[in-house]
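Here is the structure we will look at, set down as structure tokens.
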Amino acid sequence: MKVSLTVNGEEVSASCEPRRTLADFLRHDLGYTGVHVGCEHGACGSCTVSVDGATARSCCMLAVQAEGCTVTTIEGLASSGELDPLQESFREHHGLQCGFCTPGMLATAHELLRDNPDPTDSEIRAAISGNLCRCTGYQFIVDAIKGAIRPPHDGQQRDGVVEPGAAASSRRK
Amino acid sequence: MKAAAFEYLRAASCDEAVAALAGEDTAVLAGGQSLVPLLNMRLARPRLVVDINRLADLSYLRRDNGNVVIGALTRHRAAETSAMVATDLPLLAAALRYVGHVSTRNRGTVGGSLAHADPSAELPTVAVALDASIRVQGSHGVRDIAAPDFFVGPHETALAPGELLVSVSFPVVPGAVSVQELPFRGCDLVVVAAVAVEDGICAQARIAVGGAGPTPIRASAVEEALIGRPVTDAVIAAAVAEFTCDPPDSLHAPASYRREMASVLTRRAIGTAVHT
Ligand SMILES: Cc1cc2nc3c(=O)[nH]c(=O)nc-3n(C[C@H](O)[C@H](O)[C@H](O)COP(=O)(O)OP(=O)(O)OC[C@H]3O[C@@H](n4cnc5c(N)ncnc54)[C@H](O)[C@@H]3O)c2cc1C
Ligand code: FES
Ligand code: FES
């Protein structure tokens, strides 16, 4: 089937079988290799992209479902060679080592800061609880997301409810 | 892994979806948060996948005669962030926050969670607690199924082959709510409770436990032991002692442990609800 969609502001189309996941379609048919594929069953978050303004695990969507959609991948974050503030903060705070989880972490963190511009530490931890990182131990990722909060975080902790996801393991049903 | 090949239909209407589902070996694709992993792992190998994501008329939240009716395709995230759900169905709002992550809730649907019928899933447990009514459409027309009859076993429902879940109606019940979970892999328990207290006396209680049996269990005996009594710790403990279940036994958690944890979570859920 032919699939036409907008990726990072560009209209693109390619043909694929219905069984092609959006993740594989973006990587293999369109060349957006910044979409990383870890588990292929929704558990690791590395394939997270934005679809019509909301994060989605691109391994849990068929490419044919994205017909007419607007997708943003990690390649769409930096503009004209300039890292976006969240990317810059990840670099500054060593929020990545091997970088495998990073595209998904950034997509997730972007949505968090859009919906909740001044999250508490526990809200940050809850937000990234569905994104697995085998390298950093997460603390530097939390620091990086905090570092990107605008206006600059004053370092004071707000009282916040502990989001359920903060304690829950990344489980699936 | 990669999915086995299948045919794909992007349904343009409920009638088209239902007509296609009447064929052999079909699967409805809603949020895809359970189905696409199953396809990728080849645990599901349907001949035809019927995608209902473009059926905008299955995505809504509305009040109707003391109920909140939710279209099957309503995303978890839309329900979670709805002001109507927050005021009229606080138990559902509280439970939704435990379902997966924002990125899975952005796509996962209310109907999909009910149809998937995971025994420890939050939404089926809320549906059983509130005695929700589930509307399904087939080639025969439309029928309503009470939640306790809808869930038949693990991942098994009263949906007949070819039927589409179209909406769910939750009665609005009074009271403060609590959701308690033990989210360990291999021992997933959830308890949901809505308890109304008037002058220190329990006026109404709705309690259900997920993950303690093949389907979510309504804790009716616990509810009966609470209603009309003062909500003291002793009364709550005595009420919880009325709860019985026959949970599965596994390497991860013996049945005795699950039974005890179900009681602990039920006590916590009631205690938290009455103290809010
Ligand atoms: C990382 C991760 C964590 C998760 N954590 C949780 C959790 O904590 N709690 C929880 O409850 N769930 C969890 N889930 C599952 C998630 O909630 C799914 O969204 C849900 O189980 C299925 O909803 P869906 O809309 O995605 O349905 P799909 O995946 O599209 O479908 C699921 C099943 O239901 C059938 N179906 C769907 N819609 C209909 C319909 N309208 N009529 C008839 N049949 C239908 C499909 O054919 C399929 O068999 C998790 C998933 C992931 C990936
Ligand atoms: S590859 Fe998609 S969530 Fe792991
Ligand atoms: S940086 Fe290696 S997995 Fe996160």
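The values are calculated or read from the model by the stated rules, or taken from the named source; none is laboratory data. For clarity, every value in this text was computed on a predicted model and none was experimentally measured. FYI the Cβ positions are ideal-geometry reconstructions off the backbone, even for glycines, and counts take in every protein chain you see. Keep in mind that these areas ignore ligands, DNA and RNA; they rest on the heavy atoms of the full protein, side chains included. Shrake-Rupley method; radii C 1.70, N 1.55, O 1.52, S 1.80 Å.
Please verify whether segment A:137-157 includes one or more residues that are open to solvent by 20 Å² or more (accessible area, probe 1.4 Å), within 16 Å of ligand 2 (Cβ to nearest atom), modelled with pLDDT of 95 or more and under 17 Å from the mean Cα position of the chain (by Cα).
Step one: of segment A:137-157, the residues open to solvent by 20 Å² or more (accessible area, probe 1.4 Å) are A:137-140, A:143, A:146-147, A:150-157.
Cutting the leftovers down to within 16 Å of ligand 2 (Cβ to nearest atom) gives us none.
No, every residue in segment A:137-157 fails to be open to solvent by 20 Å² or more (accessible area, probe 1.4 Å), within 16 Å of ligand 2 (Cβ to nearest atom), modelled with pLDDT of 95 or more and under 17 Å from the mean Cα position of the chain (by Cα).
One line per residue, one yes/no per condition, for (1) open to solvent by less than 40 Å² (accessible area, probe 1.4 Å); (2) more than 14 Å from B:Leu91 (Cβ to Cβ); (3) not hydroxyl-bearing (Ser, Thr, Tyr):
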| residue | (1), (2), (3) |
| --- | --- |
| B:Gly138 | yes, yes, yes |
| B:Leu159 | no, yes, yes |
| B:Leu165 | yes, yes, yes |
| B:Val168 | yes, no, yes |
| B:Pro174 | no, no, yes |
| B:Val190 | yes, no, yes |
| B:Ala193 | yes, no, yes |
| B:Val197 | no, yes, yes |
| B:Thr215 | yes, yes, no |
(Q) Any residue in segment B:243-263 that is over 21 Å from B:Gly153 (Cα atoms) sitting within a Cβ distance under 7 Å of a residue that is buried (at least 20 other Cβ atoms within 10 Å of the Cβ) and among the aromatic types (Phe, Trp, Tyr)? List the pairs, counting only those 6 or more apart or interchain. (A) B:Ser263/B:Phe243
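From the list A:Asp121, A:Asp115, exactly one residue is away from ligand 2 (no atom under 16 Å from the Cβ), surrounded by fewer than 18 Cβ atoms within 10 Å (Cβ to Cβ) and within 14 Å of another protein chain (Cβ to nearest Cβ). Which is it? It would help to see each step written out before you state the result.
Numbers: A:Asp121 fails: within 14 Å of another protein chain (Cβ to nearest Cβ).
After ruling out the rest, the residue left standing is A:Asp115.
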Q) In segment A:19-42, how many are crowded, with 21+ Cβ neighbours inside 10 Å and within 15 Å of ligand 1 (Cβ to nearest atom)? A) 5
Q | Spans of strands (runs of 3 or more DSSP E) in segment B:31-102 with at least 3 residues under 21 Å from B:Ser13 (Cα atoms) and either modelled with pLDDT of 95 or more or facing chain A (nearest Cβ under 10 Å) (or both) | A | B:48-51, B:67-71
Q.
If I filter segment B:103-110 for residues that are away from every other protein chain (no Cβ under 14 Å), touching a His at 6+ places or on another chain (Cβ under 9 Å) and assigned to a helix (DSSP H, G or I), do I get at least one hit?
A. yes
(Q) Just the residues that are in contact (Cβ under 8 Å) with a residue 12 or more places away in the chain, within 23 Å of the chain's Cα centre (by Cα) and open to solvent by 30 Å² or more (accessible area, probe 1.4 Å), please, taken from segment B:220-242. (A) B:Ala221, B:Glu224
